[in-house]
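Since the structure comes first, as C-alpha cells, the remarks are kept for the end.
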Amino acid sequence: MPETSPARVVADADVLAADLLCGPDGDARAAIDHVRRHSWVTLVASEALLDDATAVVRDLADAALAADWRARLDAECELVDHPDGDHPALAAAYRGGAAHLLSYDDRLRSAKTAASLSRHTSLSVRPPDAFARLFDAESLYAVVESGPYPGPDRDPRA
C-alpha cells in the first residue's frame with residue numbers, strides 16, 4: 001500500500017468542473033481553495049482525470065474555456081500515472097498517495113466502497129462541502145510540517 005499523506009488531495013472530475021463553473025460561492029471552490037492557499041498541500045491528478053474534467057467543462061461551457069482552464073490545471077496539479085481503465089480519481093489518489101478524494105459521486109462515498117478501499121489505501125472520500133467544513137490547516141500543518149503554522153502562503157485566485 002503506498003504511503004498516504006493528509007496534505008495530498010484529489011478532486012474528482014465533477015468537483016474540478018464545479019470549481020470552475022459554479023463560481024466563488026460553491027462548495028467545490030471552497031474545498032479546492034483550501035488546497036490552493038497552502039504551498040505545502042498538493043492537488044494530485046492524472047491525465048485521464050483532467051481529460052474527464054476538461055470534457056465536462058467543454059460540454060457545459062465551451063471549448064476555449066475548457067482549453068484555457070486545462071492549461072491552468074496542468075500547472076496547478078501534480079500529475080501521476082496509472083493504468084488505462086482505472087477509475088481516474090481513485091487511481092490518482094492511490095498512485096499519488098493522497099489521503100483525501102473529493103467527489104459528488106455517491107458510489108465513491110458509499111460504505112461498500114470505503115470497505116473495499118481500506119484494504120488497499122487509507123483514503124477519505126468526501127463531498128467538497130464536508131472537506132471545506134472540516135479542513136483545519138493549522139492542525140494539518142502540525143502533522144506534515146514543523147514549527148508554528150504560518151497561515152496561508154498563496155493567493156488561491158492567482
Exercise. What is the order of 3, 47, fewest Cβ neighbours within 10 Å to most?
Worked result: 3, 47
Exercise. Considering only the other residues whose Cβ falls under 13 Å of the Cβ of residue 58, what net charge follows from Lys and Arg at +1 and Asp and Glu at -1?
Worked result: -4
For this session: Report the relative contact order of the chain, percent, no decimals, based on alpha-carbon pairs under 8 angstrom and at least 6 residues apart.
Result: 33
Problem set entry | Derived scalar couplings ³J(HN,Hα) [region 81-87; Karplus, 6.51 cos²θ - 1.76 cosθ + 1.60; whole Hz; x for Gly, Pro] | 9, 8, x, 4, x, 6, 4
Exercise. Once you sort the root eigenvalues of the Cα gyration tensor of region 1-45 as a ≥ b ≥ c, which label holds: rounded (a/c under 1.5), prolate (a/b larger than b/c) or oblate (the other case)?
Worked result: oblate
Seminar exercise, completed: When 139, 122, 146 are ranked with the fewest other C-beta atoms within 10 Å first, the list becomes 146, 139, 122
Problem set entry | Global geometry of the chain, whether rounded, prolate or oblate, following the gyration tensor of its Cα atoms and the 1.5 cut on a/c | oblate
For this session: Have a look at 13, 146, 82 and report the one farthest towards the positive end of the charge dipole of the chain, computed about the Cα centre with Cβ charges (Lys/Arg +1, Asp/Glu -1).
Result: 146
For this session: Considering only DSSP beta bridges where both residues belong to region 5-144, give the percentage that are antiparallel (nearest 5).
Result: 0
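All of the numbers you see were taken from the coordinates with simple rules; none came from a lab. None of these values were measured; they are calculated from a predicted model. Note: ideal-geometry Cβ built from the backbone for every residue, glycine included; neighbour counts use all protein chains shown.
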